[in-house]
Amino acid sequence: MTTSRDKILSKLRAAKQPFQDAPPRPQTYKPVTNLDDNSPDALVERFVSEMTLLKGEAFVVEGDNAACEKVRELLIAHNTTRLLSWDFRHIPVKNLENPIRDLGIEIIHPDIHDEFRYETLVTLETAQVGLTGVDFAIAATGTLVVSTGEGKPRIPTVLPPVHIAVVALEQLIPRLENWIAYQRANGLPSIHNSANVCFISGPSRTGDIEKQLVLGMHGPGQVQVIIKK
């Protein structure tokens, strides 16, 4: 029995150009956000400014040692005893794991894909901080682009009350359009190789309750970004 859906799809497949009145795709697009200077220093300055406006924090450091020390400083400030973390090979700081363990912090690389999912989630709820890297950071909007994958679970970005992300300078790009162009040029790697792609712009927020802005309702109430130059 042929359904209405089948009939519609058959007509679309049979038509050489199903939408006759549709305009052709533009050869170039006008940027959504203005960014006059794309130099590394200007991108860093813009990202820090946007993150501050979003009620997040951004710290600029020089090199691996300074980045490692900043991570330790923030973990101590949050009285961290349990940390949900990506695999350290996905966080762009050399020799980061042992200095964190030296603080007596329990490091958990969360995995909930087994029969003990509920019990694991109950345990993970007590973690104070999530620590991750990023795929890219968008300067114009202060946005972190994060995709899931092996060693890169989503939970550290959404469950703990604090999310600390480390960004290498080369991961900082001007606009969202640059991320889209990269995906198209490289066969859509984030789309095909990840179950989830997130765009994180500052702490979780809602204005649903009496139109009052509340942070941390559906995710971390604090987002702290370390930019390693």
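Bear in mind these aren't lab numbers, they're just calculated from the coordinates by the rules spelled out. Predicted model only: the values in this text are computed from it and were never measured. Methodologically, a virtual Cβ is constructed for each residue, glycine included, from the backbone with ideal geometry; neighbour enumeration extends over all protein chains shown.
Give me the angle, in degrees from 0 to 90, between the Cα long axis of helix 63-77 and the longest principal axis of the Cα atoms of the chain, rounded to the nearest 10.
That works out to roughly 70 degrees.
If the only charges are +1 at each Lys and Arg Cβ and -1 at each Asp and Glu Cβ, what is the size of the charge dipole of the chain around the Cα centre, to the nearest 20 debye?
That gives a dipole near 1100 debye.
Pick out which of I191, I164, I100 has the largest mean-square fluctuation in a Gaussian network model of the chain, springs linking Cα atoms closer than 10 Å.
Maximum among the listed residues: I191.
GNM, the chain, Cα, under 10 Å: largest mean-square fluctuation among E73, E50, E97?
E73
Would you mind telling me the antiparallel percentage of the DSSP bridges in segment 35-228, rounded to 5?
30
Pick from K70, K11, K211: which is most flexible by mean-square fluctuation in a GNM of the chain where alpha carbon atoms under 10 Å apart are linked?
Most flexible of the set in this elastic network: K11.
Of I138, S10, N98, which is farthest on the positive side of the dipole of the chain, counting Cα position, with +1 on Lys and Arg Cβ, -1 on Asp and Glu Cβ, and the Cα centre as origin?
S10
Going by alpha carbons, how many degrees (0 to 90, nearest 10) lie between the helix axis of 40-53 and the longest principal axis of the chain?
Helix 40-53 and the main axis of the chain meet at about 80 degrees.
The list (i) 18.6; (ii) 17.8; (iii) 19.8 gives values of Kirkwood radius over Cα pairs in Å, and only one came from this structure; which label was calculated from it?
After the calculation, the listed value that fits is (iii).
I'd like the GluC sites (Glu not before Pro) in segment 133-217 restricted to DSSP loop residues with at most 13 other Cβ atoms within 10 Å, sorted by number.
Passing both the DSSP loop test and the Cβ count: E150, E210.
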